[in-house]
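For reference, the structure is listed below as structure tokens.
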Amino acid sequence: MSANLTEGAVQDGAQAAFNVQKIYVKDVSFEAPNAPLVFNEQGQPELNMNLNQKVGKLADDVYEVVLGVTLTCTIGEKTIYLAEVAQAGIFGLSGFDEPTLDAMLGIHCPTVLFPYARQAVSDLISQGGFPPFYLQPINFEGIYAEGLRRRAEQVAAASEGSTVVSEGGNA
């Protein structure tokens, strides 16, 4: 699989290339701490999802991206189940300028990994004896844009908070 992007995204006229080298489950966990009594619980379940992403450089132009999905289901104060999946992939990315490389790692790679993570979470929940749950699609581009906005705000706040005071000069 290869990605063709605009000329501005390519470094020094090199051909930009993107490829998936491997997709795998790095870590998986399922807990139903109150089973079997929880199967008789009455009430409206509340679901809380947490997403996280880690990127590591393995070699020149080779990156590991890990998409973490944690889904917690509760009724009142009681935990019904907790499903955690760390879906990982090894990706080859070459010929991209720094901002485009950052965007590929923050948007495109997790988009590739998400269907695998969604299936793993769904399977865990079903195998735990609960009705299937299907995670809705995630807009990784929107999440990435929000992260960029937050980083820009932090940089702006840090630069406003630090003032340079110059004392005396050489005579």
(request) Pull up the stretch 39-60, narrow it to residues that are under 18 Å from the mean Cα position of the chain (by Cα) and more than 23 Å from residue 104 (Cα to Cα), then point me to the one that is surrounded by the most Cβ atoms within 10 Å (Cβ to Cβ). (result) 49
(message) Condition check: acidic (Asp, Glu) and in contact with a strand residue (DSSP E or B) (Cβ under 7 Å, 6 or more places away or on another chain). Does residue 77 satisfy that?
(response) no
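Bear in mind that the values in this text are calculations on the coordinates, not laboratory data. Bear in mind that the values here come from a model prediction, so they are computed numbers and not experimental data. Note: ideal-geometry Cβ built from the backbone for every residue, glycine included; neighbour counts use all protein chains shown.
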